[in-house]
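The structure appears below as structure tokens.
The values are calculated or read from the model by the stated rules, or taken from the named source; none is laboratory data. Since this is a predicted model, take the numbers as computed values, not measurements. Neighbour counts are summed over all protein chains in view; Cβ atoms, including those assigned to glycine, are modelled from backbone coordinates with ideal geometry. These accessible areas exclude ligands, DNA and RNA; they are computed on the full protein's heavy atoms, side chains included. Shrake-Rupley method; radii C 1.70, N 1.55, O 1.52, S 1.80 Å.
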Amino acid sequence: MNLKISIIVPVYKVELYINQCIDSILAQSYKNFEVILVDDGSPDQCPYICDYYASKDSRIKVVHKMNGGLSSARNAGIDIASGDYIAFVDSDDYWDDTDAIKKCVDVCETQKPDVILYGFKKFYQSTGRNETIQMSLPSDLYGEKADLRQLLEYNVFVTSAWNKLVSSKLFKERSVRFVEKQLSEDIEYCAQLILNAHTFVAINEYFYVYRQQNASSISANVGVKNLSDIAGVLQKYATKGKVGKCPNSEALLNYIALQYVLWIAVSNRVAVSEQSAFFGDMKKFWWLIDCAWCPYVKKVKMFKYLGFNIVRKLLFFYYKKKRG
């Protein structure tokens, strides 16, 4: 078997980092792959950099399009991908292991999973520090098919597109796509994977390097649209899961419960005058706290009796203190 891997890289205003990203992919020891660079209307030198790489390596395809956002760029890449599996790499990130694809393909050939999950590191641009985000799955489950309960209980199924290699069948046959013009788009994308994928394998590898421009979390800068978009996704998939007619409905509810608790934790960061637009509807989903496969939800569930409003304030002060 000689599996072909499609690597989709959305590109927008990253001229300082795009070379490192592309070079880390081209350096892979496994050679049967294509790189799809999606220039999302970038106003800097990125379009020219993409074209230059395409002129040097026939495995590189370039899509130039009007700016439509991250989801639009990823979807444009999916539409022309010809690989058996698809990976996403953000254009300011990179891989630091030349055997990254090979390690995934070795598992694909033996296990034939719908989704492979791998670990990642955070690279803090301001300090040059690397931090490996360790997965905690029992050692005997790495490289083997694991159910979603195990992956959620051990915090292995994290909400990101870029730490997963996904069978192209899910995109072609199940129409998995990113929702365009939606912030925090990876939440719904991962919910779609839970609903449509049958087999998952985690590998104990940490080759993806996520560049973080500063030490503060993105959640510290959460805005009204971000909260609104996430709230809509949570309500949509909580309802789907509760009906119980879809595959992996219990796993879906437990995944959404984690996103719900995280939403509550950051919801106080919008202006008081704008909070009422969210909380009335979100209180109705307080029952999600009982879906506690994820360790973080399990901890919050201990305070369920205090109710939505008090728990929301407790979580806000907890994170405020944690950030110092």
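This table checks each residue for (1) among the hydrophobic types (A, V, I, L, M, F, W, C); (2) touching a residue at least 60 places away in the same chain (Cβ under 8 Å); (3) touching a helix residue (DSSP H, G or I) at 6+ places or on another chain (Cβ under 7 Å).
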{"residue": "35", "(1), (2), (3)": "yes, no, yes"}
{"residue": "48", "(1), (2), (3)": "no, no, no"}
{"residue": "54", "(1), (2), (3)": "yes, no, no"}
{"residue": "58", "(1), (2), (3)": "no, no, no"}
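Do you know which of the residues in region 249-272 that are of a type in the set (Ser, Thr, Tyr) and surrounded by fewer than 21 Cβ atoms within 10 Å (Cβ to Cβ) is nearest to residue 223 (Cα to Cα)?
The extreme case among them is 267.
All conditions in (1) free of Cβ contacts under 8 Å to residues at least 40 places away in the same chain; (2) in contact with a Lys or Arg (Cβ under 9 Å, 6 or more places away or on another chain) hold for residue 29, with the sole exception of (1). Just name the residue that is farthest from residue 232 (Cα to Cα) out of those in region 193-202 that are surrounded by 21 or more Cβ atoms within 10 Å (Cβ to Cβ) and of a type in the set (Val, Ile, Thr). Selected residue: 201. Report whether or not residue 250 is at pLDDT 95 or above and in a loop (DSSP other than H, G, I, E, B). Considered against the rule, which asks whether it is at pLDDT 95 or above and in a loop (DSSP other than H, G, I, E, B), residue 250 comes out as no. In region 2-15, the residues that are polar (S, T, N, Q) and in a loop (DSSP other than H, G, I, E, B) form no Cβ pair under 6 Å with any partner that is crowded, with 24+ Cβ neighbours inside 10 Å and at pLDDT below 95, whether six or more places apart or across chains. Only one of (1) more than 25 Å from the chain's Cα centre (by Cα); (2) over 24 Å from residue 158 (Cβ atoms); (3) among the β-branched types (Val, Ile, Thr); (4) crowded, with 16+ Cβ neighbours inside 10 Å fails for residue 310. Which number is that? The number of the failed condition is (4).
Scanning region 66-82 for residues that are of a type outside the set (A, V, I, L, M, F, W, C) and either over 25 Å from residue 169 (Cβ atoms) or in contact with a helix residue (DSSP H, G or I) (Cβ under 6 Å, 6 or more places away or on another chain) (or both) gives 67, 68, 69, 71. Here residue 58 passes the criteria (1) within 24 Å of residue 181 (Cβ to Cβ); (2) more than 20 Å from the chain's Cα centre (by Cα); (3) small (Gly, Ala, Ser) except the one numbered (1).
In region 101-113, is there at least one residue being in a strand (DSSP E or B), touching a Leu at 6+ places or on another chain (Cβ under 9 Å) and either at pLDDT below 95 or within 16 Å of residue 198 (Cα to Cα) (or both)? For region 101-113, residues in a strand (DSSP E or B), touching a Leu at 6+ places or on another chain (Cβ under 9 Å) and either at pLDDT below 95 or within 16 Å of residue 198 (Cα to Cα) (or both): absent.
Residue-wise test of (1) open to solvent by less than 60 Å² (accessible area, probe 1.4 Å); (2) touching a residue at least 60 places away in the same chain (Cβ under 8 Å); (3) of a type in the set (Ser, Thr, Tyr); (4) more than 27 Å from residue 29 (Cα to Cα).
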residue: 100; (1), (2), (3), (4): yes, yes, no, no
residue: 114; (1), (2), (3), (4): yes, yes, no, no
residue: 146; (1), (2), (3), (4): yes, no, no, yes
residue: 149; (1), (2), (3), (4): no, yes, no, yes
residue: 163; (1), (2), (3), (4): yes, no, no, no
residue: 167; (1), (2), (3), (4): yes, yes, yes, no
residue: 182; (1), (2), (3), (4): yes, yes, no, yes
residue: 185; (1), (2), (3), (4): yes, yes, no, yes
residue: 191; (1), (2), (3), (4): yes, yes, no, yes
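Sort out which residues of region 12-25 are farther than 16 Å from residue 105 by Cα and not small (Gly, Ala, Ser), and write them in order of number. Once the filter is applied, which keeps residues that are farther than 16 Å from residue 105 by Cα and not small (Gly, Ala, Ser), region 12-25 yields 12, 13, 14, 15, 16, 17, 18, 19, 20, 21, 22, 23. Among the residues making up region 18-69, those that are outside any loop (DSSP other than H, G, I, E, B), hydroxyl-bearing (Ser, Thr, Tyr) and open to solvent by 50 Å² or more (accessible area, probe 1.4 Å) are 48, 52, 55. Taken over region 147-205, the criterion of being among the β-branched types (Val, Ile, Thr) and within 22 Å of residue 108 (Cβ to Cβ) is satisfied by 156, 158, 166, 176, 194, 199, 201, 203.
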